[in-house]
1. For the stretch A:36-58, name all the residues that are touching a helix residue (DSSP H, G or I) at 6+ places or on another chain (Cβ under 9 Å) and among the hydrophobic types (A, V, I, L, M, F, W, C).
2. Please verify whether the stretch B:356-363 includes one or more residues that are among the aliphatic types (A, V, I, L, M) and surrounded by 20 or more Cβ atoms within 10 Å (Cβ to Cβ).
3. Being part of a helix (DSSP H, G or I), farther than 24 Å from B:ARG90 by Cβ, out of contact with any strand residue (DSSP E or B) (no Cβ under 8 Å at 6 or more places or on another chain) and among the hydroxyl-bearing types (Ser, Thr, Tyr): is that true of B:TYR150 here?
4. I'd like the full set of residues that are surrounded by fewer than 20 Cβ atoms within 10 Å (Cβ to Cβ) and either within 12 Å of another protein chain (Cβ to nearest Cβ) or in a strand (DSSP E or B) (or both), limited to the stretch A:245-262.
5. Quick one: B:GLY376 ticks every box in (1) free of Cβ contacts under 8 Å to residues at least 60 places away in the same chain; (2) farther than 30 Å from B:PRO334 by Cβ; (3) away from chain A (no Cβ under 14 Å) bar one, so which box is it?
6. Does B:GLU700 count as away from chain A (no Cβ under 12 Å), within 21 Å of B:ASP439 (Cα to Cα) and within 31 Å of the chain's Cα centre (by Cα)?
7. All but one of (1) within 38 Å of the chain's Cα centre (by Cα); (2) surrounded by fewer than 17 Cβ atoms within 10 Å (Cβ to Cβ) hold for B:ASN453, so report the exception by its number.
8. Quick one: B:THR561 ticks every box in (1) of a type in the set (S, T, N, Q); (2) under 59 Å from the mean Cα position of the chain (by Cα); (3) more than 18 Å from B:GLY666 (Cα to Cα); (4) buried (at least 16 other Cβ atoms within 10 Å of the Cβ) bar one, so which box is it?
Amino acid sequence: MTTDQVAFKIGLLGPSRVGKTSLVTAMLSEAQRMLAGSGVAMVAADTATEVVIDGNREALQGDLLSGEFLHGSLLGTVEPTYFKLALDPGVPDARIDIELLDFPGGWIKPKDRVGVEDQWEKCRKFIAASTILLVPVDASLLMETTEKEHLRLLPQFLTTVQVEQVARDWAIERNRRPEEPALVAFCPVKGEAYFNDNGGIKNRSVLLRQRFDTVYAGVVQAVRAEAPKATILYAPVDTIGCVELVRADWTKSSTGIWGFDAKYRVRGKAEISRMGVDDLMTAIAQQLIYGKRLAGAQESDDLRALANRAAEYAERSEGFFRDIWLWVNRERQARRTAAAQHDREAREALHRVLALDAVLEKIAAQRFGPRVSRL
Amino acid sequence: MLDRRRARLPEVQAVITNWRNVDQQLISLSSALDLLRNHPSVLPDAAAGLAIPQFTEMRAQVAQVIEQYTAVEARFSRDTVNIGVSGSARMGKSTLLQSISGLGDEQIPTGRDLPVTAIRSRIYNSPDLRRAVLRLHSPESFLDEVIKAYHLELGFDQWPTTLDEFRTWNYPAELSDPKPDKVSLLARLRDIHAALWSYEQDLCRAEREMVVGLDHLRQFVAYPTHESQHSTDPVPRRYLAVRDARIDCAFPHAEVDRLGIIDLPGLGEIAAGAESHHVTGLRHEVDVVLLIKKASETSAFWTAADAQALKLLDLARGSIRNRGDFVYLVVNTPKGAESLADPLRAHITHQVNDGQPGKYFTVLDTDAAEPESVRGGVLSPLLTALAARLPVMDEECLAGAREAAAGTAAGIELMLADLTTAMRSVRAASGDVTETIADQARKLREDLAIELNALVAELRARVMADEDDPEYVSAIKAVYGDVVAWIEGGFGIGAETWQAAAFRAFGTDGSGRYADEQINRIRVEIGNRFAALDTFYSGQIERTRRDVGLILRRHCGDLLTGAGEGTALLTELADLLDNPRNPCPALHQAVTGLLALRMEYRSHLHPLLRPQLDGLRMQYEDPRTGRPVAVIVPELTEKGARDLYVNFTHLAENAAHEVRKALMAGEMTPVMVTYAAVEHFVDAFIRSGASNELGSPGSEREFERFARAYRDELWPGAYQGIAEGNVRYDRVMTLIDTLYGTLAEARRAA
């Protein structure tokens, strides 16, 4: 937790088992693919994260090998989970820490966070410091629910009420910092069956979007109302790609507890084929680059005043700008070190730091795929 | 003068006939109104006006008119000028009659003491005849008019109704309450009873008239003499069998030709209740009345009884204006009583003529016992006066009758006008059959619209409900469960058997053919199994038809009670609506449309759901490359067979899942289908407009046709009652019109 004050923070909002770990795993994997050969690595920054991601990968591999698997949705658990990643150019103190918090939606109601107030406060601060909210959306729940009795359960299973509340608080905080970028990305997951651009036969993406708009209208409106400048993206993600929904059933236990079970089969050659994760990474990179540019603007006379304000703001601000400021300072420090030492090692370090900058610029410059739309 | 009278007789008789008709028609009208008023179709408010107000009084007025015209008729139909001779007992009436007629005591008995005239006679001048015609009682009329009157007067509860009963009747010797008048009555009754033997044969004659020679007349018109009454022999009383007597004889005075004299009872001698009847009789029988007052020691002044007698005679005058035209006073002055005559005349002048001789009444003087005196003092001046006044009196009588008739007719016509108004309100309230059918048809349509709209609203509420139709969800789940069970059970043959068969097939044909056959089989089987929903769909539609049918039956009286329910009922209704005489094409089409409603999985839903089975195929086109891609290419091994089986179960499960999902999310749910169908049915059945294509005048008119065609089944008994009510109504209206006509006819005739 030593990087609390310097990590790039991303909030994850969604119910348990919606696929947040799979999304983080996919992001890590996709980042590694995108950074391959750049000299910059995306790594799990702590052991806990490494363990969780490894476990997720192993489970996924198992599912793929079995040819079919069940994926259930349950009512949310209330344990916060932190994922720590890092963009590491291989230069000490030059890496960018990225921290993601799986926000326990169950804590939104005061009565449900009795006894965990300290953790709640920590979560609240984390969300306030986040410039990005990722909202995984269970596409199968949206698409496979047809009975009215079950449709009424969707807000409960998708935790849209809690998501809306946290997103609203986050948006209010973002609105207080107009210079800072803000991004909410709604990421339908488990939606491989509804697209035909990644091995599927039928394209039901329009219907998926319609259902998302219906169910998440409140969340989108809350963000738009509280943070008008925030970027809101609809970015469906295939975290696996080579799976297809077989059937889905709403079930009710003998104790009256509802559950939603989806059965998937592995299609084709069981090769993971992620889709849309690169769009998500592009959006994140754009956030980083935007901040970096803002922080570096002090070199321009015209932007000096703004840079000064940004610097001052960074001194008293948590989160994003502090992180970016540190990153910029490290880059400068590397340049100065390289200039002063003129040695090979220093130049190499400078090269790596600049490579991180370049690769992020490159990723940020990518155009969003056709699945992505701005809301 | 008499001929002129007779010439006018037909018109008077015509008027009388009309007024008698009026009376009968009033009775008929009253009865008809009673019937109409009591008919169920007549509402209480309207019934109140269906009566002849003061019916009894109105009939009395009509009777009065008839009586007046009858009096005129009697007057105009006389062959003689009739002079009534009236006066108290012992005034010389019979003596006067003898003097005028030339008859003697044998025919017109006189006596010094007791009253001797038992039967009043009408005596007519007849040069060629000399006889008496007696009109006799029958036993019944005798017992009813004579004996019963005595019994009632004496306070007896019972009276004899046959002569045998009368003969054996046991009369008391004396009364418990011996008032003098009653004692006298009882004595007379006992005399009558005792003398039955003498007149019984006359009562029992076959002929009701008996002609008697004038020489033997006395026993039939006079009371027994004092001597015979007190002899020991039984006293005969044949006069008791006689109602009245007509005597024809030649009057001694040749100048008097067509003259009759009527012996009137002594006024004041008859019971009070009989006086009005007597007066009516006077009016019918006489043209003029002589009221005799005898100048004698006991009656030389005008008494109160005389005044009462004059008053009664004045009543008989009727419409004759001048009292003196109808009544003449005769002062009978026997020889030796001349000195009494002057005071009597003076008293009469004072009491009757207001002190001026002849002011109101003419006073004639005569000695009744002297025919010449009678001729000169009575007949000559009387007949002279009558020659001038009788035509005037005739006109006055006729005018009086006309006046009474006009007043009564006006009253009746006013009543008829009120009644006509009341009848209009009855018609407005109940209407005739045609109007009522139209009203009933309209109401039927409205009532059906209300209930059918409620059914539509109920179905719409189910369509719009927050909950899915639970029956439909259950039906889909059941069928889906069956399909999944079939899949999980190895496509009906078991997983191992299926895989073994697949492996065997691989050996001969490779994997492709078997896989193709199986995938097709699976697709067909899934479709077939979902078609089991047809049972549910048809049940839903039949239930809808039953709901509609029950509403129709509830409002269609007995028309559809014999039919079954649902389809059977609607089929029968469709047949009824296809009536050549009263075709209802729009209604028929609406019903047959509902009967034709189908919802079948194969024909209606499968085409829509077919894309959900697209996954059940062995290869598909890759959307990214456009190239065909095999779903699976299994190894030709047991593992390959197992892989194929797993793959097919996944595809089949997904297809079943997609079909189920599409059914649940589909627009075409049974309740939507039935809602749309019933809504369309109601629109067509209740609200369709005129259509040339169908040859329909529109729903509203077709309901009228339907109502006309089946009115007795739709509203059992109602139209039978309406027809009956209309007959009663028409009867009243006819009688009103007839009465108007009869009154007009009477007016014209008068």
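The values are calculated or read from the model by the stated rules, or taken from the named source; none is laboratory data. The model shown is predicted, which means the values in this text are computed figures rather than measured ones. Please note: Cβ atoms are built from the backbone with ideal geometry, for glycine as well, and neighbour counts cover all protein chains shown.
1. Matches in the stretch A:36-58: A:VAL40, A:ALA41, A:MET42, A:VAL43, A:ALA44, A:VAL52, A:ILE53.
2. Within the stretch B:356-363 (the criterion being among the aliphatic types (A, V, I, L, M) and surrounded by 20 or more Cβ atoms within 10 Å (Cβ to Cβ)), the answer is no, since none of the residues qualifies.
3. Yes; evaluated as a whole, the condition is true for this residue.
4. Within the stretch A:245-262, A:ASP249, A:TRP250, A:THR251, A:LYS252, A:TRP258, A:GLY259, A:ASP261 qualify.
5. (2)
6. no
7. That leaves (1) as the condition not met.
8. (4)
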